[in-house]
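One structure is given here, and the rest of the page talks about it.
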Amino acid sequence: MPKSPADDVNPSLDQMLSKLTMARHGDAAGDAAAPGAGQRCGLIAIVGRPNVGKSTLLNALVGQKVSITSRKAQTTRHRITGICSHGDAQFVFVDTPGFQTRHTVRGTAALNRNLNKTVQATLSDVAVVLFLVEAGRFGPDDAQVLALLPTDHPVLLVANKLDLIHRREDLFPWLQAMQERHPFTQFVPLSAKKEDDTRRLLDIVRPYLPEQAWWYDADALTDRSDRFLASEMVREKLFRLTGDELPYTSTVVIDQYTDEPPQPGNAKSTGMVRIAATIIVEREQHKGMVIGDKGERLKRIGTEARTELERLMGRKVFLEIWVKVRSGWADDDARLRTYGYE
């Protein structure tokens, strides 16, 4: 099995991290790592600028897709909880929307306020914060999020995409500069796509969780409903298949969700989930973008969403999708609540 980036690729990197951490915190990190008796459980916020890989990391930590991903900025719009029970600890991760600094165009003020409020509310009640950045990079959008981070909670700097760094020693001056920006409790370089790295992150986070009973069953993966996951899956395919062609202001609403039981007397029957969804867009021309030539794009969105939902649910899914125009929805607080934004 190939080694992860942190596994002896450059032994001096660990020494660098240890030196930087100890210089700031002395023996505090070592004391926190002392194992405790009984179960541990706590809330861990994953925060960072849009498109830095928060949802990818969450899905990797949980071991199943619970948060959607795409290259489109601000794919995550809700507080998504992913649960991982490992050893004596239950990690309750929260994938937050990327703090909004760029999407401030006319007509999105209410949506952006909602997303930023979600980030700030999450930070107030967590045990640990994972501040996700790209290894070796730090820009104005990262700085906007960093300014929100609490000083009374452990904050771990998680440097993602380590596999793109060819010379590990090049990270040292960057890490020194990051340490000056914030009193990070610990530095964790990794690649979110490598299982060894995500397991190592769990081991690092564990000591910071309070000793208390687990909040969820051992096999729980998320606190979100299947209905919510269905709307997110359609939105993911919408974003992936339209790319930058479709503007920021589009969302998905589930109009009907029916869970049909297995057929009596049929041992192979798993039942069926029937879903009616509506894609909401701002303008009539956007509706045409979603539907595509002769309806081909909308058909593909539905097919890909249905296929993934069937894999996640282990059941047959009948998915019907409509497209409607609702001008001004992203700047209307009442309509945002109707569409499920907290």
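The values are calculated or read from the model by the stated rules, or taken from the named source; none is laboratory data. This structure is a prediction, so every number in the text was calculated from the model and none was measured. Cβ coordinates were reconstructed from backbone atoms using ideal geometry, including for glycine residues, and neighbour counts include every protein chain displayed. Note: accessible area is taken over every heavy atom of the protein model, side chains too, but ligands, DNA and RNA are not part of it. Shrake-Rupley method; radii C 1.70, N 1.55, O 1.52, S 1.80 Å.
Here are a few things to note about the model shown:
- Some residue of region 260-273 being modelled with pLDDT of 85 or more, closer than 26 Å to G328 by Cβ and open to solvent by less than 10 Å² (accessible area, probe 1.4 Å): no
- Residue satisfying condition, being under 29 Å from Q39 (Cβ atoms) and at pLDDT below 95, within set A192, A177, A110: A192
- Taking first residues from region 172-193 that are within 20 Å of A143 (Cβ to Cβ) and open to solvent by 60 Å² or more (accessible area, probe 1.4 Å) and partners that are assigned to a helix (DSSP H, G or I) and modelled with pLDDT of 90 or more, the Cβ contacts under 7 Å between residues at least 6 apart in sequence or on separate chains come to R181/L146.
- Residue check, D203 within 19 Å of the chain's Cα centre (by Cα) and open to solvent by 50 Å² or more (accessible area, probe 1.4 Å): no
- Against the test of being closer than 20 Å to I80 by Cα and surrounded by fewer than 21 Cβ atoms within 10 Å (Cβ to Cβ), the options L238, L246, L221 yield a single qualifying residue, L221.
Conditions (1) of a type in the set (S, T, N, Q); (2) modelled with pLDDT of 90 or more; (3) in contact with a helix residue (DSSP H, G or I) (Cβ under 8 Å, 6 or more places away or on another chain), marked per residue:
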site	(1), (2), (3)
L229	no, no, yes
D255	no, yes, no
I291	no, yes, yes
R297	no, yes, yes
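- Evaluated against (1) crowded, with 19+ Cβ neighbours inside 10 Å; (2) touching a Ser or Thr at 6+ places or on another chain (Cβ under 8 Å); (3) modelled with pLDDT under 85, L57 falls short on exactly one condition, (3).
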